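For reference, the structure discussed in these notes is given below.
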Amino acid sequence: KKTRGLPLWALHYIDVLKDEGAISTDSGSKLVFDSHRGSATACCGIDDLLEKKLDRLDPNVRRVLQIASVIGFEFDKEMLSSVIAKKANHHLLSQMDNLLNIASSKRFIRPCRARKNDVYCFAHDHVHVAVHAMTPDANQLHLLVGRLIRDRREDSVVSMCTTFSQVNMGSTAIKSRQERVEVAKMNLEAGKRVMDLYAYVVAGGMFSAGVRMLDGGWDTNYALSLELHTLWADMLRIDQDLDGCENIIEEIKKRTKKPADALKVNCILIDVLGTRGKFNEAMQVGWSILRENKERLPSRPNATHVTVEVAKTKRLLNGRGEQLLSLSPAKDDREMLIQNIYDTMLIYAPLRADEKQTFLLLLRAMQSCVRSGVSFLSPQAFASFGLAQAILGNDDEAFRFGKLAMDLCQNMNRAEGREAPVVTTAYTACFHWRECITKSLNPLWNSYKSGLAVGETKNAFFAVQSYFMAAFQAGVNLDELEPKMRECCKKTFSRYKDGSLLMLALPLWQAVMNLMGGSDSPHILIGEALNQIQFVKEVVATENQEAMVSFRLLRMQLSYMFGAYDTCHENLDAMEQNMKAFEWNHSVYEFWLFQGLIYLRKIKHNKKRKHCVKIKKLLKKLESLVANGNPNAQPVLLLLQAEQSVLDHTPSDKANAKVLQAFEKAIDHTRNCRLTKMEALCCERAWEACREMGEEESAESYLRRSIALNARWGAKAKVEYLVANSDSTKKTGDSRFSVSGGGSSCQRSTGGGSCQRSTGGSCQRSTGGSYQRSVRSASSYNEDSMASPPWCP
């Protein structure tokens with residue numbers, strides 16, 4: 001109990017007991033314990049035990065151990081000899097080998113086998129800490145060790161970090177003001193080098209040590225203090241210590257002499273406020289900073305302001321394309337800081353869904369880039385301008401500037417991980433107009449992983465959020481997607497304590513779990529990830545409009561997929577009031593698809609003229625996009641055209657065949673594009689169409705295909721919904737399809753193939769149209785059930 005089951009401490013414990021005479025050996029060489037002599041030691045903990053043993057050591061052995069503890073957990077004889085020589089203790093130096101052997105025999109240190117012969121390490125971390133705590137002149141020794149390592153002039157980052165770790169621990173021993181300033185400067189340079197290696201926590205420690213060295217040196221060392229404080233605040237922002245970051249920002253703003261000096265730290269403040277979910281406050285700070293620095297910006301941008309800025313940007317670009325890649329390097333630091341503020345504001349402007357303000361910032365960021373020249377911020381400016389072109393409806397220009405952004409990123413050899421915002425903007429807003437959305441999956445996922453690796457956590461989050469949206473749309477297997485979403489939401493991004501960014505991802509995660517069978521009401525987003533009632537309250541409170549758009553789009557999809565059409569219509573009406581906020585995004589195809597399906601359903605039931613006008617306008621837009629080479633609009637167009645053909649057709653064999661050919665064309669296209677989710681939906685709609693037209697055999701085939709595709713996608717809840725709502729379940733005694741009321745199987749056999757599923761419960765449908773189910777495996781729906789209908793050649 002006393003030694004916590006650790007063999008090393010047990011040996012030290014026995015050594016102390018032997019020294020006290022509490023343990024002795026009898027004539028039979030057996031150990032005998034004297035409880036009277038060992039009573040005091042028996043009450044000791046590990047810390048007291050080590051202190052007792054150290055106190056009984058030879059003073060010279062103890063002194064060598066103390067000096068070694070200052071050097072570190074591992075130490076070499078050369079450095080130990082140098083420190084002892086500097087302390088002018090020649091007696092210790094002459095006996096050093098013998099003293100080290102004694103310390104080793106007493107189990108305080110041991111030779112480090114993984115290193116060269118002259119390297120030792122302490123027997124345990126606890127021993128190292130205990131010895132260091134008993135070193136009276138530890139500060140002076142740390143400073144001495146740091147100076148000795150510095151004098152070696154080794155240029156490695158490890159050596160540099162070790163030097164400043166030692167010097168900073170011994171900083172209280174530095175009395176000279178001049179030396180303290182020099183050490184502060186060295187901490188600044190060392191911190192910058194460590195930053196380049198993405199070791200932000202270590203860099204932050206160096207910057208904070210530099211600040212302590214100056215000890216309020218704003219009056220005598222203004223520039224050095226400003227830079228150290230600013231970089232320290234930035235490291236705390238990256239490490240998500242938002243309170244500490246804001247405290248330092250407040251200190252800096254009190255001390256700065258002119259607005260230009262606070263540009264960098266104000267940019268950090270905008271990011272901190274945005275991370276906290278204070279989007280309006282973040283934007284207000286940004287606007288005020290830009291105006292202070294003579295950037296002429298309207299307080300409330302309107303259409304006229306946007307038109308003027310568009311004309312100004314076009315005039316500045318002057319029709320240039322590839323020539324923009326060869327702009328001269330940026331030299332004006334102030335202009336680069338202004339551009340950085342524009343970029344930071346652009347992270348949060350779309351979350352508020354203020355399209356005019358967002359558009360104005362996009363244009364100004366590009367103008368600033370062209371004026372100041374090429375810098376590390378330029379690729380993001382190009383990608384942002386591509387986003388602006390997408391908002392304007394200039395698909396070709398959006399794609400072109402997205403490509404220019406990626407080319408510029410490659411030409412600049414931009415560090416891996418730093419390209420995350422460029423990749424995210426390019427693939428979310430620019431490339432989907434000309435490339436299939438499935439091509440964005442690998443770049444977005446790789447950008448997320450590399451962003452995490454270099455500490456660009458926020459940019460990594462936006463990359464992975466775009467990846468999840470694209471993967472869900474493409475029909476990536478939910479059993480593979482959900483663990484990735486869980487890892488991100490529960491672990492990787494849980495450090496975003498205020499949740500303003502995490503709110504973008506939670507609706508999709510809950511939707512995925514619902515589709516996998518995690519809810520009895522899949523169209524309602526309540527479960528492990530979120531409660532939709534509480535979620536809406538938080539979104540309204542933080543004015544996180546992008547999170548609301550994501551939430552409504554998923555609610556609209558799930559409501560349509562599971563027959564809750566009233567909810568579906570409500571969410572569509574709400575989204576149509578704010579379409580400009582997402583029409584540039586690659587998730588717009590999902591919106592157009594379900595928007596069209598809802599219009600067609602409304603026409604079918606009430607035939608109002610406004611719905612006919614709306615569907616005609618939507619189809620015309622999709623036809624235009626397809627004609628311009630948009631591959632993602634084509635499957636949407638084909639399915640909506642097939643759906644419309646059902647409404648337009650007159651009952652006849654020829655008309656029926658024409659309708660089925662339209663559906664088969666949509667199915668073939670989605671299969672060729674590997675859009676599993678979309679293909680499953682096409683088969684489901686074809687099944688419904690066949691039922692209406694009385695094509696029972698074709699209906700059965702399409703139903704089997706839809707069930708198999710949804711099973712492949714991993715949507716167990718959708719599989720069970722299809723089974724529960726098929727006509728066959730209502731036909732008592734139909735030998736082709738049977739559902740057990742309380743048994744353990746649900747199977748169907750047909751002439752064209754088989755579809756079997758082992759179940760762990762029943763599948764029931766009530767008269768009210770709802771359904772109940774247990775979660776079951778859908779993996780046994782086999783691919784043979786995906787045969788084409790009998791009429792198809």
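The values are calculated or read from the model by the stated rules, or taken from the named source; none is laboratory data. Because the structure is a prediction, the values reported are computed rather than measured. Ideal geometry is used to build each Cβ from the backbone, glycine not excepted, and the neighbour counts take in all protein chains shown. To get the accessible areas, we keep the full protein, side chains included, count just its heavy atoms, and leave off ligands, DNA and RNA. Shrake-Rupley method; radii C 1.70, N 1.55, O 1.52, S 1.80 Å.
Quick notes
- Note on segment 497-648: Cα-Cα pairs beyond 28 Å make up 24% of the total pair count.
- Dipole of segment 523-654 computed with +1 at Lys/Arg Cβ and -1 at Asp/Glu Cβ about the Cα centre; of Leu618, Ala529, Pro635, farthest Cα towards the positive end is Leu618.
- Charge dipole of segment 299-426 about the Cα centre (unit charges at C-beta), most positive-ward option of Pro421, Ser378, Thr304: Thr304
- About the centre of its Cα atoms, segment 256-336 shows a dipole size close to 220 debye [charges on the beta carbon of Lys, Arg (+1) and Asp, Glu (-1) only; nearest 20 debye].
- Averaged over its residues, segment 646-709 has an accessible area of 41 Å² per residue, based on protein heavy atoms and a 1.4 Å probe.
- A Cβ-based charge dipole, computed about the Cα centre of segment 443-525 with Lys and Arg at +1 and Asp and Glu at -1, lands at about 340 debye.
- The accessible surface of segment 457-559, taken with every protein chain in place and a 1.4 Å probe, is 52 percent carbon and sulfur.
- Efficiency of FRET from Cβ geometry, Asn672 and Ala173, R₀ 56 Å, rounded to 0.05: 0.15
- Think of segment 147-238 as a dipole: +1 on every Lys or Arg Cβ, -1 on every Asp or Glu Cβ, centred on the Cα centre; then among Val181, Leu228, Val194, Val181 lies furthest on the positive end.
- Residue-level accessible surface for Thr438, protein heavy atoms, 1.4 Å, Å²: 50
- Across segment 541-553, rounded Karplus estimates of 3J(HN,Hα) from the backbone phi angles (6.51 cos²θ - 1.76 cosθ + 1.60, θ = phi - 60°) give 5, 8, 6, 8, 5, 5, 5, 5, 4, 4, 4, 5, 4 Hz, Gly and Pro being marked x.
- Segment 312-340 and segment 604-624: distance between their alpha carbon centers, rounded to Å: 43
- Sorting Cys369, Cys612, Cys673 by solvent-accessible area of protein heavy atoms yields Cys612, Cys673, Cys369, largest first, with a 1.4 Å probe.
- Residue-wise HN-Hα coupling along segment 224-234, computed from phi with Karplus coefficients 6.51, -1.76, 1.60 (Hz; x: Gly, Pro): 5, 5, 4, 5, 5, 4, 5, 5, 4, 4, 5
- Label separation (Leu392 vs Ile14): 8.3 nm, computed from points 7 Å beyond Cα along the C-beta direction.
- Stretch gain in nm, segment Arg609-Arg291, where the contour uses 0.36 nm per residue and the Cα spacing is subtracted: 109.5 nm
- Separation of alpha-carbon centers, segment 360-387 and segment 220-296, rounded to whole Å: 22
- Heavy-atom surface of segment 515-602, accessible at 1.4 Å and reported per residue (Å²): 35
- Förster radius 45 Å - calculated FRET efficiency between Lys87 and Asp219 (Cβ-Cβ, nearest 0.05): 0.75
- Gap separating the Cα centres of segment 80-112 and segment 417-475, nearest whole Å: 56
- Segment 541-599 - charge dipole about Cα centre, Lys and Arg +1 at Cβ, Asp and Glu -1, debye rounded to 20: 100
- Solvent-accessible surface of segment 226-292, averaged per residue with a 1.4 angstrom probe and all protein chains in place: 39 square angstrom.
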